[in-house]
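S.K.: The structure that follows is given in the form of structure tokens.
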Amino acid sequence: MTAVAKDDYLRIEKLELGPFGTNAYIIVCQQTADSVLIDTPADARTILERLKGTHPRYILLTHNHGDHLGAFSEVRRELDVPVAAHASDRLPSPPDILLNDGDVLSFGNIKLEVLHTPGHTPGSLCFKTGGYLISGDIIFPGGPGKTMSPDSFKQIVESITGKIFALPDDTVIYPGHGDATVLKKEKEEFAVFSSRPHAAGLCGDVLWLSS
């Protein structure tokens, strides 16, 4: 567990869990101690322990891949708070709230904006508050999330360029695996990628500077 961001209004903590090093994030309102949990990769006990001292209000899911859901059922049962996700991604049990692009969730004095960013999965979501973006597996340092077809790759690029790249350059991105990045760097590297020709069937694990 690592505190990756902290200011007068919020604290963001990252927990790297499970065999694939999947990140869960806890966002805490500094004034009220209300919190949200984003993703449930594994090790429910660790997640629940870290939430002690806060007032959990939601479980939010970026997408429905198994490495983000390993502790879902146990955490949901123990917390007994609303689960929110996009309708296009099927979960082990239905969410309480179906999220759409542009929705806003409030907890304490914090507001989270919902971005629907399909491509990695049809229902992939990102969550933005202030200058911070929790991006799930949509964008990482150096490239997009893995895609399984050329159509999905086209879709994830559209999600990134149309929604994420519209955010301020100094936005800090916290992805579903690995370390954070800054939007300006990703836009610069994507500009290099988009200046070069690419095979029509490009998909899979793509890097902006070497694919």
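The values are calculated or read from the model by the stated rules, or taken from the named source; none is laboratory data. Note that the coordinates shown come from a computational prediction; the quantities given were computed from them, not determined experimentally. Cβ: placed from backbone, ideal geometry, glycine included. Neighbour counts: every protein chain shown. Side chains are part of the model used for accessible areas, which takes the heavy atoms of the whole protein and leaves out ligands, DNA and RNA. Shrake-Rupley method; radii C 1.70, N 1.55, O 1.52, S 1.80 Å.
S.K.: Tell me the accessible surface of Leu207 in square angstrom (1.4 angstrom probe, heavy atoms of protein chains only), to the nearest ten.
M.R.: 90 Å²
S.K.: Please give the charge dipole size of the stretch 14-63, origin at the Cα centre, charges +1 on K and R Cβ atoms and -1 on D and E Cβ atoms. Round to the nearest 20 debye.
M.R.: It works out to roughly 100 debye.
S.K.: At a 1.4 Å probe radius, carbon and sulfur cover how many percent of the accessible area of the stretch 135-194?
M.R.: 57 percent
S.K.: A follow-up question, please. Express the carbon and sulfur contribution to the solvent-accessible surface of the stretch 1-134 as a percent, rounded to the nearest whole number, probe 1.4 angstrom.
M.R.: The C+S portion of the solvent-accessible surface of the stretch 1-134 is 47 percent.
S.K.: Continuing with this model, one more query. Only helices at least 15 Å long along their own axis, judged from Cα atoms, and with Kyte-Doolittle mean hydropathy of -1.0 or greater: name those in the chain from DSSP H.
M.R.: Result, helices passing both filters: 183-194.
S.K.: Let me ask another. Out of all DSSP beta bridges in the stretch 107-211, what portion is antiparallel? Express it as a percent rounded to 5.
M.R.: DSSP beta bridges in the stretch 107-211 are roughly 75 percent antiparallel.
S.K.: Of the candidates Phe72, Phe165, Phe140, which one comes out as most mobile in a Gaussian network treatment of the chain with C-alpha springs shorter than 10 Å?
M.R.: Top of the fluctuation ranking is Phe165.
S.K.: Choose one answer from His198, His63, His177: the residue with the largest mean-square fluctuation in a GNM of the chain with alpha-carbon springs under 10 Å.
M.R.: Looking only at His198, His63, His177, the biggest GNM fluctuation is shown by His198.
S.K.: Limiting things to C-alpha atoms, what are the Rg and the maximum Cα-Cα separation (Dmax) for the stretch 121-188, in angstroms?
M.R.: Radius of gyration, then largest Cα-Cα span, for the stretch 121-188: 11.1, 33 Å.
S.K.: As an exercise, find the ratio Rg/Rh for the chain from alpha-carbon atoms, using the Kirkwood inverse-distance average for Rh.
M.R.: 0.96
S.K.: Taking the alpha-carbon centroid of each part, what is the distance from the stretch 89-122 to the stretch 149-201 in angstrom?
M.R.: For the stretch 89-122 versus the stretch 149-201, the Cα centre distance is 20 Å.
S.K.: Also, I was wondering about something else. Over the stretch 78-211, what is the relative contact order in percent, taking alpha-carbon pairs closer than 8 angstrom and at least six residues apart?
M.R.: 20 percent
S.K.: Next up: Which value, in debye to the nearest 20, gives the size of the charge dipole of the chain about its Cα centre, when Lys and Arg are +1 and Asp and Glu are -1 at the Cβ?
M.R.: Rounded to the nearest 20 debye, it is 40 debye.
S.K.: Can you give the accessible area per residue of the stretch 1-51, in Å², using a 1.4 Å probe?
M.R.: Accessible area per residue, the stretch 1-51: 42 Å².
S.K.: To continue, here is another question. Calculate the dipole size of the stretch 36-151 relative to its Cα centre from +1 charges on Lys and Arg beta carbons and -1 charges on Asp and Glu beta carbons; express the result in debye to the nearest 20.
M.R.: It comes to approximately 240 debye.
S.K.: Another question, if that's okay. Who wins for biggest fluctuation among Lys163, Lys14, Lys52 in a Gaussian network model of the chain, springs between alpha carbons below 10 Å?
M.R.: In the Gaussian network model the winner is Lys52.
S.K.: State the antiparallel share, in %, of DSSP beta bridges confined to the chain, rounding to the nearest 5.
M.R.: Here the share of antiparallel DSSP bridges comes out near 70 percent.
S.K.: Across the stretch 24-36, in residue order, what do the Karplus-derived ³J(HN,Hα) couplings come to in whole Hz, using 6.51 cos²θ - 1.76 cosθ + 1.60 with θ = phi - 60° and x for Gly and Pro?
M.R.: 9, 10, 10, 10, 10, 6, 5, 7, 10, 6, 5, 9, 10
S.K.: Based solely on its DSSP helices, what 222 nm [θ] is calculated for the chain when runs of n ≥ 4 H residues each add -39,500 (n - 2.57) and the sum is averaged over all residues, nearest 500 deg cm²/dmol?
M.R.: Result for the chain: -5000 deg cm²/dmol, rounded to the nearest 500.
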